[in-house]
1. On full extension of the chain, what length is gained from residue 166 through residue 71, given 0.36 nm per residue of separation minus the C-alpha to C-alpha distance?
2. At a 10 angstrom cut-off on C-beta neighbours, averaged per residue, how do the peptides 188-197, 126-135, 159-168 rank from highest to lowest?
3. I'd like the orientation of helix 10-56 relative to the chain: the angle between its Cα long axis and the longest Cα principal axis, in ° from 0 to 90, rounded to 10.
4. Would you mind checking the tilt of helix 170-200 against the longest principal axis of the Cα atoms of the chain, expressed as 0 to 90 degrees and rounded to 10?
5. Any chance you could give the angle, 0 to 90 degrees and rounded to 10, that helix 58-71 forms with the longest Cα principal axis of the chain?
6. Given an 8 Å cut-off on Cα distances and at least 6 residues of separation, report the relative contact order of the chain as a percent.
7. Using 0.36 nm per residue of separation minus the Cα-Cα distance, give me the extension gain between residue 99 and residue 197 in nm, one decimal.
8. Stokes-Einstein diffusion coefficient for region 2-200 at 25 °C in a medium of 0.890 mPa s, Rh from the Kirkwood formula over Cα pairs: what value in µm²/s?
Ligand SMILES: [Zn+2]
């Protein structure tokens, strides 16, 4: 839309559209890989510090756990008994401390950074190809209009699809997605128009 706003020809729109698609999908994938990898490393480090504390000072960890359970509403006796039981088993102790003290679910550390990166790349590319498709066959304002229409439909389908998970109204969620998506397109088109005008003279 930015390039269409700058009134460049269809070939330029196609080239920049596809370049933007690849660049966007690539940077999303790399960002995703880094994000999954760094948070896993951070969590692993926190868990290994906790494991060291547990090995060196199990009494302190038992007391920390007992305080956490008291804060959740157990009586002091119940909390200490529960903490005793949990600390006595090494694997359960570390798993519980990770969840209760660090707020980390150790089972979520197993996800593959490469899978996350691949999924990001494919999903970004799938979304980004939709507004570009019309420019393969059409040109000018017709292409822009068909591109907007196709994008609007795709945005609505995505917004509506998300309701399977969120349980919100299909109409509300679909419309919200369309409004925000088209607002972003309008913004980009406006920026393109400004830049196009200033470059043209
Ligand atoms: Zn601790």
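1. Here the answer is 31.1 nm.
2. Most protected by this proxy first, the peptides run 126-135, 188-197, 159-168.
3. The answer is roughly 10 degrees.
4. 50 degrees
5. Taking Cα atoms only, the helix is inclined about 70 degrees.
6. 35 percent
7. Residue separation times 0.36 nm, minus the Cα-Cα distance, leaves 29.6 nm.
8. The estimated diffusion coefficient comes to 116 µm²/s.
Since every read-out is calculated from the coordinates, none of them should be taken as a lab result. Note that the structure is a prediction, hence the values are computed from the model and not measured. Here Cβ is always computed from backbone atoms with ideal geometry, including for glycine, and neighbour counts include all displayed protein chains.
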